[in-house]
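See structure below.
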Amino acid sequence: MTMIYAIHPTNADHLATVTAEMETLGAPTIRVVDCGDHYIALEGSHRIAAAHALGMEPILEIYDQDDVIEIGGYDWFEACDWCGTSYAAGEVAGALFNPSAAVDYRF
């Protein structure tokens, strides 16, 4: 079983739109960081929730914690202090992960 933590809560209206699109497009690809016994998604909170609701397993693009990633490639980068920079994937996942707000999905 694969456990993925989404870093953002979902909005019901946007989730409905994404779910409808996914019914046509199929399983999404999600970039995640391998944290040993679970993954932390760097994106795609709505896509993960929609895939889970539809019984689809997302396709994972997996980064090791030491992999360097470009921050500008994510939809949340505008709100962070790291804009236009590169960091280790594990450092980014650790900074984004909020245990009290994270939602876990099991596939």
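So, in the range 11-42, of the ones that are in a loop (DSSP other than H, G, I, E, B) and either at positive phi or free of Cβ contacts under 8 Å to residues at least 24 places away in the same chain (or both), which residue ends up surrounded by the most Cβ atoms within 10 Å (Cβ to Cβ)?
The residue in question is G26.
Return the pairs, sorted by first residue and then second, in which the second residue is surrounded by 12 or more Cβ atoms within 10 Å (Cβ to Cβ) and at pLDDT below 85, the first residue lies in the range 70-93 and is under 14 Å from I7 (Cα atoms), the beta carbons are less than 6 Å apart, and the residues are 6+ apart or on different chains.
What qualifies is F77/I71.
Is it the case that I71 is farther than 18 Å from P9 by Cβ and modelled with pLDDT under 90?
When the stated conditions are applied, I71 passes them.
Out of all the residues in the range 38-61, which are charged (D, E, K, R) and at pLDDT 95 or above?
Correct list: R47, E57, E61.
Within the range 43-60, restricting attention to residues that are assigned to a loop (DSSP other than H, G, I, E, B) and of a type in the set (D, E, K, R), which residue is surrounded by the fewest Cβ atoms within 10 Å (Cβ to Cβ)?
E57
Please find, among D64, D81, the residue that is modelled with pLDDT of 90 or more, of a type outside the set (V, I, T) and surrounded by fewer than 19 Cβ atoms within 10 Å (Cβ to Cβ).
The match here is D64.
Name the single residue, out of those in the range 21-49 being aliphatic (A, V, I, L, M) and under 12 Å from the mean Cα position of the chain (by Cα), that is farthest from T2 (Cα to Cα).
Filtering the range 21-49 for residues that are aliphatic (A, V, I, L, M) and under 12 Å from the mean Cα position of the chain (by Cα), the one farthest from T2 (Cα to Cα) comes out as L42.
The values are calculated or read from the model by the stated rules, or taken from the named source; none is laboratory data. These figures come from a predicted structure and were not determined experimentally. As a convention, Cβ positions derive from the backbone with ideal geometry for all residues, glycine included, and neighbour counts pool all protein chains shown.
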